[in-house]
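Rule-based calculations on the coordinates, nothing more; no lab input. Predicted model, so just to flag it, every value in this text is computed and none were measured. Positions of Cβ are generated from backbone atoms using ideal geometry, with glycine treated the same way; all protein chains shown enter the neighbour counts.
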Amino acid sequence: MVNVVMLVFVGGALGAVLREVSMLMVPNLADKFPLDILVANLVAALLLGLVTALHRRQIVSEGAEMLVGTGIAGGLSTFSSFAYGAVVLMSASTASAVVASVYVVISLVLGYIAVAVGLKLGGQGSA
């Protein structure tokens, strides 16, 4: 159990650093669309789908799945920032509320697609 906790801990730290790097590297859009958060969440969803499929096929160990799936993907993805960004946009103006609505829909649809692509890349097919 301690080994699993340490793997998740290390992976979470790496994921959080990757999230911060992506926040710094992804450009801000003029309409305040939170592209940086979207990119981080989509990469994490893809990574989670991929490592899950590889683990199900016994290509990677449970430890690797914990490190990458729970740790790195969990540290990289940021639901709280996703929700906060949507709330801030919704309350700013009517135009921003439209952007927020588009952001939420795009995040959910592309997140689903990213997991499905990750599963497919890992040879799992669908969930």
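Computed quantities for the displayed model
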item: Segment MET23-LYS120, length gained on full extension (0.36 nm per residue, minus Cα span); result: 32.2 nm
item: The stretch 1-100: chymotrypsin sites (Phe, Trp or Tyr not before Pro) falling in loop per DSSP and having at most 11 other Cβ within 10 Å; result: none
item: Contour minus Cα-Cα distance for PHE9 and ALA97 (0.36 nm per residue); result: 28.0 nm
item: CD proxy at 222 nm, helix term only [per DSSP H run n ≥ 4: -39500 (n - 2.57); per residue of the chain; nearest 500]; result: -25000 deg cm²/dmol
item: Summed side-chain charge close to ALA100 - residues other than ALA100 whose Cβ falls under 12 Å, Lys, Arg +1, Asp, Glu -1; result: 0
item: Span-rule helices in the chain, defined as complete DSSP H runs reaching 15 Å or more along the axis (Cα) with Kyte mean at least 1.6; result: 2-25, 35-56, 94-121
item: In nm, spacing of pseudo-spin labels at ALA16 and LEU110 (7 Å Cα→C-beta vector); result: 2.6 nm
item: Three-way shape call for the stretch 71-127 based on the alpha-carbon gyration tensor, with the a/c threshold at 1.5; result: oblate
item: Spatial extent of the stretch 2-121: Rg and Dmax, with the Cα atoms as the point set, Å; result: 15.6, 50
item: Estimated distance in nm for a label pair at ASP31 and MET1, the labels positioned 7 Å out from Cα along Cα-to-Cβ; result: 4.9 nm
